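The values are calculated or read from the model by the stated rules, or taken from the named source; none is laboratory data. Just so it is clear, the structure is predicted and the values come from calculations on it, not from any experiment. Note that each Cβ is placed from the backbone with ideal geometry, even for glycine, and that neighbours are counted across all protein chains shown. For the accessible areas, the whole protein counts, side chains as well, though only heavy atoms, and no ligand, DNA or RNA atoms are used. Shrake-Rupley method; radii C 1.70, N 1.55, O 1.52, S 1.80 Å.
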Amino acid sequence: MQPAFDVDQLSRPEVIRNPYPYYDLLRDQSPIFGYRDYPPGTMPGVDDPKPSWVVLNFEDVAAVAWDHESFSSRDSLQEESSAPSLMLVNHDRPEHSRLRKIAAKAFQPSSIKSFAPQVDALVAACMDDFFVADQPVDVMADYCAMLPSRVMAHLFGMPAEMDRDVNNWATAFMLSADIGPEERQAYNVEAMAFFDTHVKEQMDRIAQGKEIPGPLLDAFIRTEVDGDRLSFEEIVRFCMTVTVAGAETTSFYLGNLITVFADFPDIWRTFADDPGQFDAIYKEVLRFHGPPQRLFRVATRDITIGKADIRRGDWVACFFGAANYDPDAFPNPYEFRLNRKNASRHMSFGYGIHRCLGAPLAQLEAESTARMLRERYRQIERAGEPVWQDVSLLNHGLQSNPVIFRARD
Ligand code: HEM
């Protein structure tokens, strides 16, 4: 008989470390009410989380994420908190459409592809800085933490030595580290103050007809759609949004990719023999070890999802991570498989109008990392037990991931 497990236990450390068996215990009852946890940007120890519905089945998660009219992304708890509200992520239509049109142009896949040479250079430099062949390295301590932050710093034209600041700002906002409310708040204030000054300086340079160093910030400032541009304040908030949405998720993703290479030698061998398999590996890692486990919505009207009568104003936690392990959508979900016919249907980039805007950039960083690991090393071995973070279900990822990269002969 299965041990009793209640929805209000979903925030326990052992669940956060490995949530999938616990989702299985609750999936038949989903949607189920009574979960309390913090949305990103709120302050544990200061803010008071609202009790919410938990949605675990693939079809129900897709229905909630798709129905942006019945499920709002505006987060009253975050709006009332002292943290800055995010662009797009916390906007509903029509404002979301206006912002997304401009941001999508700034982020268009062809522009992101043009960043490839710089991303490759940052990947190579990060590997030179942090990896020593044939000795244990904790890839989470440096490489996975710093690469996405260095990419962000580069794209915003920030001084390269601010990479640790970017990392601290993202970690404080995303709640995955056990830090106190004062420190969290101090990081938010520091980040907003930096972007405020930095964006002002870069806009002045552009107004004087000069070039600026950060290609993404340049695009945020110059992009115009139907005569509409982002205001100064919107650009500052976009910088903050992209920092918190893009740095930590990608850090965890890279750690999860390397852990798959270390724990499944046959997957590493498949990739080493045929790098064309990367796309399949990349997608299955997103399903198998997807970073975002759940995000919140708020019902804008009374609505029935599955067996649940959800009332207007109710909070709903959309468990993308549980949808990825729903056996009705992905048979034998605990098996890492490269031949799933529906591999692209994983929910780790969300679904619907809020689907991740930065996915092509995340893919660029992951692909470049895998390609350079293959060029430099013949094997990746485990050098100690991986430790999964157990502070927040927002992101499933490793706190420490010791491996040995075996040099090519
Ligand atoms: C593997 C890495 C990443 C994962 C797993 C991920 C995941 C997600 C998810 C699940 C959403 C949907 C949020 C929702 O439905 O409320 C999202 C949205 C978003 N992501 Fe990502 N993300 C990643 C990397 C990035 C990067 C690198 C950037 C930017 C450089 C980025 C920027 C954004 C933005 C701006 C949104 C908001 C889109 C909107 O609301 O219209 N993400 N991401």
Exercise. In the P(r) worked out for the stretch 7-407, what percent of Cα pairs fall beyond 35 Å?
Worked result: 24
For this session: With a 10 Å radius around each residue's Cβ, average the other Cβ atoms per peptide and rank 97-110, 367-380, highest first.
Result: 367-380, 97-110
Problem set entry | Reach of K105 by Cα under 26 Å, taken over lysines that are not fewer than 8 positions away in the same chain | K113, K200, K210, K283
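Once you have the Cα-Cα distance between D8 and R301, take 0.36 nm times their residue separation minus that, and quote the gain in nm to one decimal. Present the calculation step by step, with values, prior to reporting the outcome.
Numbers: separation 293, 0.36 × 293 = 105.48 nm, distance 2.45 nm.
Separation in residues times 0.36 nm, less the Cα-Cα distance, equals 103.0 nm.
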Exercise. What does the helix-only formula give at 222 nm for the chain: each DSSP H stretch with n ≥ 4 adding -39500 (n - 2.57), the total divided by the residues, and the result rounded to the nearest 500 deg cm²/dmol?
Worked result: -14500 deg cm²/dmol
Problem set entry | Sorted peptide list for 82-93, 240-251, criterion being average Cβ within 10 angstrom, highest first | 240-251, 82-93
Problem set entry | Listed residues Q185, Q293, Q208, most fluctuating in the chain (Gaussian network, C-alpha, under 10 Å) | Q208
Seminar exercise, completed: Net charge near T42 (other residues with Cβ under 11 Å of its Cβ; Lys, Arg +1; Asp, Glu -1) is -4
For this session: Using the charge dipole of the stretch 6-154 (Lys, Arg: +1 at Cβ; Asp, Glu: -1 at Cβ; taken about the Cα centre), state which of V55, L25, P94 has its Cα farthest towards the positive end.
Result: P94
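Taking a cut-off of 28 Å, what percent of all Cα-Cα pairs in the stretch 1-158 are separated by more than that?
Value for the stretch 1-158 (Cα pairs over 28 Å): 48 percent.
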Exercise. Between N339 and E95, what length comes free when the chain is fully extended (0.36 nm per residue of separation minus the Cα-Cα distance, one decimal in nm)?
Worked result: 83.9 nm
Exercise. Quick one: net charge of A329's neighbours, Cβ under 12 Å, K/R +1, D/E -1?
Worked result: +1
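Local charge sum around L77 (other residues, Cβ-Cβ under 12 Å, Lys/Arg +1, Asp/Glu -1)?
Details: positive: R36, K50, R74; negative: D37, D47, D48, D75, E79, E80.
The answer is -3.
Count the DSSP beta bridges whose two residues both fall in the stretch 7-407, then state the antiparallel fraction as a percent rounded to the nearest 5. Don't skip to the end; give the middle numbers.
On the way: 25 of 29 bridges.
Bridges in the stretch 7-407 that DSSP calls antiparallel: roughly 85 percent.
Could you calculate, for the stretch 273-409, the ratio of the Cα radius of gyration to the Kirkwood radius, expressed as Rg to Rh?
Details: Rg = 18.1 Å, Rh = 17.4 Å.
Taking Rh as the inverse mean 1/r over Cα pairs, Rg/Rh reads 1.04.
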Exercise. In whole percent, how big is the carbon plus sulfur part of the accessible area of the chain, probe 1.4 Å, protein atoms only?
Worked result: 50
Problem set entry | Rounded accessible area per residue of the stretch 7-407, 1.4 Å, Å² | 40
Seminar exercise, completed: Once phi for every residue in the stretch 389-401 is put through the Karplus expression 6.51 cos²θ - 1.76 cosθ + 1.60 (θ = phi - 60°), the whole-Hz ³J(HN,Hα) values, with Gly and Pro written as x, are 5, 10, 9, 9, 7, 3, 10, 8, x, 8, 8, 9, 9
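Explain nothing, just the number: dipole magnitude of the chain about its Cα centre with +1 on each Lys and Arg Cβ and -1 on each Asp and Glu Cβ, in debye rounded to the nearest 20. Intermediate values should be presented prior to the final figure.
Working: 42 positive and 60 negative charges, 208 e Å.
The dipole of the chain has a size of about 1000 debye.
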